[in-house]
1. Work out, in µm²/s and without decimals, the Stokes-Einstein translational diffusion coefficient of segment 44-92 at 4 °C, 1.567 mPa s, Rh from Kirkwood over C-alpha pairs.
2. Excluding same-chain residues fewer than 8 positions from Lys320, which aspartates and glutamates have a Cα within less than 14 Å of its Cα?
3. Using Cα pairs under 8 angstrom and six or more residues apart, how large is the relative contact order of the chain, in percent?
4. Please state, rounded to one decimal and in Å, the Kirkwood hydrodynamic radius that segment 5-91 gives when every pair of distinct Cα atoms enters the mean of 1/r.
5. Any idea what % of Cα-Cα pairs in segment 185-263 are farther than 22 Å?
6. Can you give the Rg and Dmax of the chain based on its C-alpha atoms, in angstrom?
7. Rounded if a/c is under 1.5, else prolate if a/b is larger than b/c, else oblate: which is segment 228-354, with a ≥ b ≥ c the root eigenvalues of its Cα gyration tensor?
8. For segment 38-101 and segment 173-250, write down the distance between their C-alpha centroids in whole Å.
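The values are calculated or read from the model by the stated rules, or taken from the named source; none is laboratory data. Predicted model, so just to flag it, every value in this text is computed and none were measured. In this analysis, Cβ positions are derived from the backbone assuming ideal geometry, glycine residues included, and neighbour counts consider all displayed protein chains. Side chains included, ligands, DNA and RNA excluded: accessible areas come from the protein's heavy atoms. Shrake-Rupley method; radii C 1.70, N 1.55, O 1.52, S 1.80 Å.
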Amino acid sequence: MKENLVQWTLLQNLDFLSKSLDFQIAVKKGQEITTDFGRIDFILENYQKSQLIVELETVLDTKNKRDYCFNQVLNYKNVSYSDKTTYCILYANETNQKAKSIINDFGKENEVLIKTYSINDVKKLYTSTVERLSLSFGLSMPKPANYTICFLRWLNKILKPFKDFEKTSLSEKDLAYYFTSPNSTNFKCYLRLALDFEMITLNKNGYSISTDGVEYIQNYNLDIDTASNLSSIDLTNEQKKILLRVITNGNWSAHKVNIYWFLRFLEVTNGEWLPNIKDFEKHKLDLVNGLFNVNYLSRTMYEFLNFACNWCMELGLVDKIKTTTKYDKIYLTPLGIEINNIFSLDLQLKKNRLNLNFKYLD
């Protein structure tokens, strides 16, 4: 089991981590903190404001790994964020006995706390944690689905014929006016977007624009009639409000589900990594595949996460901090927090309806 995956699992389960360290954790003060003396895995604080700087390791059977670990911890002794700071090595109990003796001697000689955890226990904990975090308040939510749809503003192109023809119902041929053919993959992707966001509905002769769709085209950007590329016109604030109203109406169509799962991804990862390369680390891919209960290759997952991020950024739900590393950072805006809470409340209400107890009528 990779160290990063162990760290994620432990930090998602502070009770387990508290017992492993024999340190009552009140709060995680930080993780993967870059200093002049190396990158600290994580820092914890108890209720008495004492801090524990932790060097996390897996199995320390080899001399090279132990020496690296020892040097890291000795370097950390130059770093302190509190007057009451203790330094700790937390490593896998599966390490052989000879190595354990060497590690314990190092701890005594250098006043470093030595603690262990079981990799087997963490593996089980990882499985239960992913299951717990992927629960939808007792409801069976569909899995996310990857579509070749990069931006919500693509709705502008497929809805424009309703404005041009000044009709509320169009044949498929007329709806595909700005596309090469109604049979093209491009058109079908745009069509799925419009249907999922309830801008249009299917009728026996073609497609009808919904009340929300009418309001959407009434609030087009003023440049819409002169634009050479309809898909490039940004959403107006009024259009964003309409889409947010549709997203939170409790009807869980495929693209709304994708936004929900992306927000859950941010919860699980604390927004600390969004891949900006198509071939990213396997342990991160395993983590998010486990969360979504899918089996995507890294390229597919990269596309899904970044497309979903684009949608959320267009709606003002998240902001992205670009980095020079393989991963960008994402954080929820106040609006994103509110929408996430509405999703949670909606799912909780649906669960309550399903589990309504009629015993009081007996």
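1. Working: Rh = 11.6 Å.
Answer from the Stokes-Einstein relation: 111 µm²/s.
2. Result set, ordered by chain and number: Glu272, Asp328.
3. Here the relative contact order equals 13 percent.
4. For segment 5-91, inverting the mean 1/r across all distinct Cα pairs yields 13.3 Å.
5. That tail contains 28 percent of the Cα-Cα pairs.
6. 25.7, 83
7. oblate
8. 55
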